[in-house]
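Read the structure below first, then the notes.
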Amino acid sequence: MDCVFCKIAKGEIPSKKAYEDDQILAFYDLDPQAPVHILLIPKAHIASANELTEENSAVVSHIFLTAAKLAKELGLEKGYRIVNNCGEDGGQTVQHLHFHLLGGRSMKWPPG
Ligand code: 5GP
Ligand code: ZN
């Protein structure tokens with residue numbers, strides 16, 4: 001399958017890793033939108049939040065717990081944002097489920 005994040009998960013495309021285990025990978029975004037901008041992905045291919053099921057969704061909890069740990073390690077004590085873009089209107093450009101961990105600046109609301 002021609003999926004860029006599957007290739008990153010397998011190490012076929014290099015990335016700057018922030019965390020890795022057998023289930024998930026966290027790596028720095030190529031085009032950072034904040035001083036800290038990390039992407040967290042399941043290693044297994046899930047196309048988007050729409051493809052989550054009772055069977056495959058435990059990884060989302062693992063991703064959120066890992067994002068909070070990374071935020072603490074990276075000194076984001078003032079706060080941070082976790083974002084999932086889903087589908088065309090959501091602004092999803094890579095069709096492999098991912099969560100953005102953004103921090104190091106004050107975030108705006110509502111997002112654009
Ligand atoms: P989306 O718009 O789908 O929510 O986010 C996709 C993100 O993946 C974007 O922020 C983009 O900069 C990042 N991205 C796309 N291709 C690569 C890549 O090959 N390596 C890394 N590190 N980030 C990527
Ligand atoms: Zn994939």
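The values are calculated or read from the model by the stated rules, or taken from the named source; none is laboratory data. Worth saying up front: this structure is predicted, and the values here are computed from it rather than measured. Methodologically, a virtual Cβ is constructed for each residue, glycine included, from the backbone with ideal geometry; neighbour enumeration extends over all protein chains shown. When the accessible area is computed, the model is the full protein with side chains, heavy atoms only, and any ligands, DNA or RNA have been set aside. Shrake-Rupley method; radii C 1.70, N 1.55, O 1.52, S 1.80 Å.
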Residue span Asp2 to Ala68: 0.36 nm per residue of separation minus Cα-Cα distance leaves a gain in nm of 20.7 nm
In nm², the average projected area of the convex hull spanned by the Cα atoms of the chain is 7.3 nm²
Filtering trypsin sites (Lys or Arg not before Pro) in the range 1-59 by DSSP loop and by at most 12 other Cβ atoms within 10 Å leaves Lys16
Calculated from DSSP helices alone, with each H run of at least 4 adding -39500 (n - 2.57) and the total divided by the residues of the chain, [θ]222 nm to the nearest 500 comes to -7000 deg cm²/dmol
So the angle from the long Cα axis of helix 58-73 to the longest Cα principal axis of the chain, reported in degrees to the nearest 10, equals 30 degrees
Per 5 angstrom bin, beginning at 0 and ending with the bin that holds the maximum distance, the Cα pairs of the range 40-90 fall in percents of 4, 17, 25, 21, 16, 11, 5
The answer for the longest stretch of the chain without any exposed GluC sites (Glu not before Pro) (DSSP loop, at most 15 further Cβ atoms within 10 Å) is 13-53
The chain accessible area per residue, 1.4 Å probe, protein heavy atoms, integer Å², reads 63 Å²
